[in-house]
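The values are calculated or read from the model by the stated rules, or taken from the named source; none is laboratory data. Everything numeric here is computed off the predicted structure, so don't read it as measured data. Neighbour counts run over all protein chains shown; Cβ positions are idealised from the backbone, glycine included. Keep in mind that these areas ignore ligands, DNA and RNA; they rest on the heavy atoms of the full protein, side chains included. Shrake-Rupley method; radii C 1.70, N 1.55, O 1.52, S 1.80 Å.
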Amino acid sequence: MIKGHGGNIYDVARRLGCKPFEIIDMSSNVNPLGPPPGLKEHLKEKLDSISALPEVDAKDIAYKFAHRYDIDPECVIPGNGTTQFIYAIPQVLRTRKVLILGPTYSDYADACIMHNVDFDYTIAEEKNLFRIDIDSLNKIIRRFDTVFICNPNNPTGVLITAQEIKMICLSFPDINFILDESYLSFAEDGDKASMMGSDLSNLIVLNSMSKIFRVPGLRVGYLIASKGIIKRFNKYMLPWNVNSLAQAAVSYFMTQRDEIDSFIEKTREFIKSERKNLAEKLEDTGRIKVFPSTTVFFLVKLPDNLNSDKVCEDLLQDRILVRNCSNFKGLSEKFIRISLKTSKINKMVADKLDDLIASSQ
């Protein structure tokens, strides 16, 4: 298991001698507006549910999710976060060789390592703003039986269109494509860009509740695929893998439609505005490069005389945690990732980065 994920506030708090939630965590890509209104009150009312086993296969929230997104319920499985599915995929699909579109989330490679599956990367280049070259991808893809795509991508924020995804899947029907849409809800018109309703037999879509609803501690996500693939996954699913409070939360998300739709739209508007404001503040330094993003975070390239270790360490002294991107395949010690928080915090971090650059000259 890699320990270089974002959101490791517990290790940082032990090191700094403070409480975990005193850390300003801009390394974890969750909704800056917090959980939806009414969720905590709803969960308080459901606390008694922890005294009994949850529904063994979480079928109720599978049906509610399917109804909400107009998907056949037989094509949906709830799980203990998308992480559970990522690590199961090589075993379930009997994968032999994986292609990972990078730079991207490390768990795709870690899942391959766990199951002794060969994997390789195709790396999007900085000169192309980290956009995948589809023509180049098409030339090498036949050597693989499974492809992992994070869309929008973590840590670059780049979004591949639904039309491009569909074209690739149709062009290579014998290859399984894993499409991780964990951050898509933050993107403008994210619902229209989703492939969850696709009828492609070689496409598996992952959907996370953790990010957009800011409930990563509940551990709940979905896998959406053809009935044939779902049947294969069901053989490997553990009983009671979605806890009672997580099921209660999802039920709330799926049934309070007007309130949740309003919350998501408000989130998107806030992110669009804050992303623009923070990017402009950082670029005003004249020495930081901010890459375009469609989601709640963006990738930043540091000036020549600074590296990610120093910047992250200096920010930590103010209890600010950003993502050091030096351990992403295809990136280096020149990159960090910043996840948006409140307007006040975003401005404060921009000012501190400006001070760091000024003091390093």
Taking R0 as 30 Å, what's the FRET efficiency between Asp174 and Lys235 from their Cβ-Cβ distance, rounded to 0.05?
-> 0.85
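Enter the mean projected area of the convex hull around the alpha-carbon atoms of segment 1-120, in nm², rounded to one decimal. Before the final figure, lay out the partial values.
Working: hull surface 45.0 nm².
Mean projected area of the Cα convex hull: 11.2 nm².
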Simple label model, 7 Å out from Cα along Cβ direction - Glu333 to Asp135, nm = 3.7 nm
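Compute the whole-percent fraction of alpha carbon pairs in segment 34-92 spaced more than 13 Å apart. Please report the intermediate quantities before stating the final value.
Numbers: 1261 of 1711 pairs.
Cα-Cα pairs of segment 34-92 separated by over 13 Å account for 74 percent.
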How far apart, in nm, are two points set 7 Å out from the Cα along the Cα-to-Cβ line at Thr255 and at Arg15?
-> 4.4 nm
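State the three equivalent ellipsoid semi-axes of the chain, derived from the C-alpha gyration tensor as the square roots of 5 times its eigenvalues, in descending order and whole Å.
Values: eigenvalues 205, 137, 70 Å².
Its equivalent ellipsoid spans semi-axes of 32, 26, 19 Å.
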Taking K and R as +1 and D and E as -1, what net charge do the other residues with C-beta under 12 Å from the C-beta of His67 add up to?
-> 0
Loop sites in segment 1-81: trypsin sites (Lys or Arg not before Pro), DSSP, at most 10 other Cβ within 10 Å | Lys3
Once you have the Cα-Cα distance between Lys344 and Arg94, take 0.36 nm times their residue separation minus that, and quote the gain in nm to one decimal.
-> 85.2 nm
Projected area of segment 199-276, taken from the Cα convex hull and averaged over every viewing direction, in nm²?
-> 7.1 nm²
Tell me, in nm to one decimal, what length is gained between Ala358 and Gln163 on full extension, where the rule is 0.36 nm per residue of separation less the Cα-Cα distance?
-> 65.8 nm
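With +1 on each Lys and Arg Cβ and -1 on each Asp and Glu Cβ, and nothing else charged, work out how big the dipole of segment 301-361 is about its Cα centre, in Debye to the nearest 20. Mind dumping the intermediate values first?
Working: 11 positive and 9 negative charges, 80 e Å.
That gives segment 301-361 a dipole magnitude of about 380 debye.
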Separation between the Lys127 and Ser326 pseudo-spin-labels, each 7 Å from Cα along Cα→Cβ, expressed in nm?
-> 2.6 nm
Net charge of Cβ neighbours under 12 Å - reference Ile86; Lys, Arg +1; Asp, Glu -1 = -3
Those chymotrypsin sites (Phe, Trp or Tyr not before Pro) from segment 9-109 that are DSSP loop and have at most 12 other Cβ neighbours within 10 Å turn out to be none
Can you tell me the accessible area per residue over segment 164-241, all protein chains present, probe 1.4 angstrom, in square angstrom?
-> 43 Å²
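Mean shadow of segment 143-295, computed from the convex hull of its alpha carbons, in nm²?
Working: hull surface 45.9 nm².
Spelled out: convex hull of the Cα atoms, projected over all directions, averaged, 11.5 nm².
Taking the mean number of other Cβ atoms within 10 Å as a proxy for protection, how do you rank 49-55, 118-124, 149-155 from highest to lowest? Write out the running numbers ahead of the final one.
On the way: 49-55: 12.7, 118-124: 16.6, 149-155: 25.3.
Highest-to-lowest ranking by the protection proxy: 149-155, 118-124, 49-55.
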Binned at 10 Å from zero, the C-alpha pair distances of segment 230-360 give percents of 10, 32, 23, 21, 12, 2
Dipole of the chain, Cα-centred, from +1 at each Lys and Arg C-beta and -1 at each Asp and Glu C-beta, to the nearest 20 debye?
-> 480 debye
